[in-house]
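Structure first, commentary second.
Every number here is computed from the coordinates shown, using simple stated rules; none is lab data. Treat the numbers as computed from the prediction; the structure is a model and nothing was measured. Cβ placement follows ideal geometry from the backbone for every residue including glycine, while neighbour counts extend to all protein chains displayed.
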Amino acid sequence: MQLDELYRRVIMDHYKNPRNRGTMDEDSVTVNLNNPTCGDRIQLQLRVEDGVVKQAKYTGEGCSISMSSASMMTDAIRGKTLDEALGLAEKFSALMQGQPVEFEEYEDLEALSGVSKFPARIKCATLAWNALRKGIEAGRQG
Amino acid sequence: MNPLELRKQFPILDQQVNGHPLVYLDNAASSQKPRSVIDAIVRYYEHDNANVHRGVHTLASRATDAYEGARAKVAKFLNAASEREIVFTRGTTTALNIVARSWARAALREGDEIVLTPMEHHANLIPWQQAAKATGAVLRYIPMQPDGTIRLSDVEATLTDRTKIVSVTHVSNVLGVVNPVKEIAALAHKRGAVMVVDGAQSAPHMKVDVRDLDCDFYAFSGHKMCGPTGIGVLYGKRELLEQMEPVEYGGEMIEHVDYYDATWKEAPWRFEGGTPIIAGAVGLAAAIDFLTEIGMDNIDRHSEALARYAYDRLSEIEGVTLYGPREGRVCLVTFNLDDVHPHDVATVLDTEGVAIRAGHHCCQPLMRKLEVTATARASFYLYNTEEDVERLAAALIKAKEFFGHAIG
């Protein structure tokens with residue numbers, strides 16, 4: 001097991017320079033999600049217009065994997081329809097199961113492929129994506 | 001005692017993890033098992049296994065003798081007045097739940113007070129929250145000093161004539177502090193309250209004498225003290241246990257049953273509905289033999305010395321914050337590395353073969369009090385050495401350098 005396989009440069013860049021970190025006042029769907037096993041938490045806000053994610057913002061506390069994953073996710077889904085965003089979430093699940101997945105739309109995500117070799121850390125990487133699924137569900141109901 | 005010699009009796013410790021000899025420092029979560037405990041469980045299943053208390057055949061007698069013999073051994077280990085004060089449970093959590101569901105719900109009235117400390121494990125917190133909600137009782141907390149210690153004057157000031165239960169952890173699984181439970185018990189009794197002690201982290205590390213502590217209930221788990229998982233103990237003073245209703249109904253715990261009503265066995269058996277954890281009790285008895293042979297006082301001294309050594313060694317590393325006091329600590333150190341999340345620390349340490357815990361340690365309210373979301377924790381046992389602490393320190397320095405470069 002090599003540390004470099006897990007902590008790729010792209011991941012550390014998102015951890016150090018998070019994209020879309022913060023909150024927004026505009027009309028949005030807000031989701032709070034915790035990882036009860038470790039205490040990581042995320043608040044995700046989605047602004048959706050005509051079925052398209054116009055903006056995604058997050059705040060939270062967690063490890064480099066969970067926070068970089070949130071940074072990438074919020075970047076990757078901007079401009080996507082809700083179905084496209086869910087499609088990305090599916091692809092991300094496949095990536096975490098060690099399947100070879102390419103993200104033509106947002107290549108940074110592929111840097112998280114190493115997480116699949118660290119089973120204890122998969123739940124860190126998927127926290128933001130679970131918040132996304134919950135947010136889309138809540139948005140569709142509300 | 002010689003930790004290096006003792007280590008040889010633990011088959012699991014003789015392995016490489018990620019290319020390094022394993023250094024196991026997650027003992028507060030679960031300890032490893034010596035050969036004698038593993039053998040006792042195997043021997044039980046290969047020679048004596050049957051159900052207890054019911055059969056007239058030879059194996060049933062042997063299984064019953066083994067199970068009740070384990071109870072007598074636990075009673076002696078805790079210096080209980082009688083083996084009838086020893087209830088076998090699934091672990092500390094179940095033991096505390098029995099007190100909170102059976103004794104507490106019958107005894108508590110609206111406005112009565114349950115007194116805890118801010119450092120309780122969720123297992124000694126949530127059962128009381130639920131008991132309070134069910135009865136209208138209220139929870140009150142003894143203030144904690146910034147270094148994680150409890151002052152008796154604060155205990156005294158928190159207790160009132162409405163205090164019915166005081167439940168305190170003997171040793172904090174996060175701070176490593178040893179709480180003065182004997183003195184707290186005396187103060188609780190002055191107010192007419194019962195004293196419950198969460199012994200999950202003390203039973204493995206120190207001589208516990210329940211009559212000297214004069215606690216009313218004491219709970220611990222087998223798996224943190226060289227025994228198997230799935231077995232734990234609730235000690236309760238006999239007059240209290242005899243007043244309590246069972247919390248689980250079924251076979252084994254009854255005296256007389258007809259179609260519309262039933263009566264219960266005496267304590268402790270009324271709390272052991274269903275086929276009990278027989279092999280677990282056998283394993284726990286073997287663990288007690290193992291620990292007693294080494295001597296609990298020796299283990300206590302080793303635990304304290306190693307915790308202090310680790311505290312001092314980690315203090316030397318720039319960027320490490322330690323939680324809890326230097327003095328009066330046993331068995332563990334809890335810490336954080338500046339700018340690196342404890343999960344990331346634990347992952348780097350694991351690649352170096354060093355197993356530690358990262359997270360909230362089932363103490364979410366305490367984490368908020370310490371103003372952290374999570375911490376790293378290294379916890380020691382009788383087979384750990386100063387050399388293990390050096391491996392921990394070296395791995396921590398590596399983690400610091402790695403993340404220093406990665407996010408620097």
The size of the Cβ-based charge dipole (Lys, Arg +1; Asp, Glu -1) of the range B:37-293 about the Cα centre, to the nearest 20 debye, is 300
FRET efficiency, 1/(1 + (r/R0)^6) with R0 22 Å, evaluated for B:Ile12 and A:Asn34 via beta carbons | 0.10
Name the trypsin sites (Lys or Arg not before Pro) in the range B:15-57 that are in a loop by DSSP and that have at most 16 other C-beta atoms within 10 Å, would you?
-> B:Arg54
Counting only C-alpha contacts under 8 Å and six or more residues apart, can you give the relative contact order of the range A:23-142 as a whole percent?
-> 28
Ranked list, fewest to most other Cβ atoms within 10 Å of each Cβ, for B:Trp264, B:Trp269 | B:Trp264, B:Trp269
With just the Cα atoms of the range B:37-293, tell me how far they stretch along each of the three principal axes, in Å, largest first.
-> 58, 49, 27
Given Cα pairs under 8 Å that are at least 6 residues apart, what percent is the relative contact order of chain B?
-> 22
Taking alpha-carbon centroids only, the range B:212-242 lies from the range A:24-96 a number of Å equal to 46
Projected onto the charge dipole of the protein assembly as shown (+1 at Lys/Arg Cβ, -1 at Asp/Glu Cβ, origin at the Cα centre), which of B:Ala72, B:Gly176, A:Gln45 gives the Cα projection farthest towards the positive end?
-> B:Ala72
Linear extension gain, B:Asp212 paired with B:Ile397, 0.36 nm per residue minus alpha-carbon span | 62.2 nm
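Any number yet on Rg/Rh for the range B:168-302, C-alpha, Kirkwood?
1.02
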Could you pull out the longest piece of chain B with no exposed loop GluC sites (Glu not before Pro) in it, calling a site exposed if DSSP puts it outside H, G, I, E, B and it has at most 15 other Cβ atoms within 10 Å?
-> B:111-247
Helix-only CD estimate at 222 nm, as mean residue ellipticity for chain B, using -39500 (n - 2.57) per DSSP H run (n ≥ 4) = -11500 deg cm²/dmol
Would you mind getting me the FRET efficiency between B:Glu183 and B:Arg368? Use the beta-carbon distance for r and R0 = 41 Å, nearest 0.05.
-> 0.90
Amide H contacts under 5 Å for B:Thr89, restricted to residues at least 5 apart in sequence or on another chain and with H modeled in the peptide plane, are B:Gly232, B:Val233, B:Leu234
What list do you get for B:His170, B:His121, B:His256 if you sort them by fewest beta carbons within 10 Å?
-> B:His256, B:His121, B:His170
Cα centroids of the range B:23-98 and the range B:279-340: how far apart, whole angstrom?
-> 25
Neighbour-count order for A:Met12, A:Met24, A:Met67, fewest beta carbons within 10 angstrom listed first | A:Met24, A:Met12, A:Met67
Charge dipole of chain B built from unit charges on the beta carbon (Lys, Arg +1; Asp, Glu -1), centred at mean Cα; most positive-end Cα among B:Thr321, B:Thr92, B:Ser36 is B:Thr92
Hey, could you grab the Kirkwood Rh for the protein assembly as shown? Inverse mean 1/r over distinct alpha carbon pairs, Å, one decimal.
-> 25.6
Is there a pair in A:Lys54/A:Lys91; B:Lys76/B:Lys164; A:Lys91/A:Lys123; B:Lys73/B:Lys207 whose C-alpha atoms are over 24 Å apart, and which pairs would that be?
-> B:Lys76/B:Lys164
Running Debye on the range B:233-339 with equal point scatterers at the Cα sites and no solvent, what base-10 log of I(q)/I(0) appears at q = 0.20 Å⁻¹?
-> -1.01
Net charge of Cβ neighbours under 12 Å - reference B:Asn336; Lys, Arg +1; Asp, Glu -1 | -2
Gain in length, B:Arg191 to B:Arg105, computed as 0.36 nm per residue apart minus the alpha-carbon separation, to one decimal in nm?
-> 29.1 nm
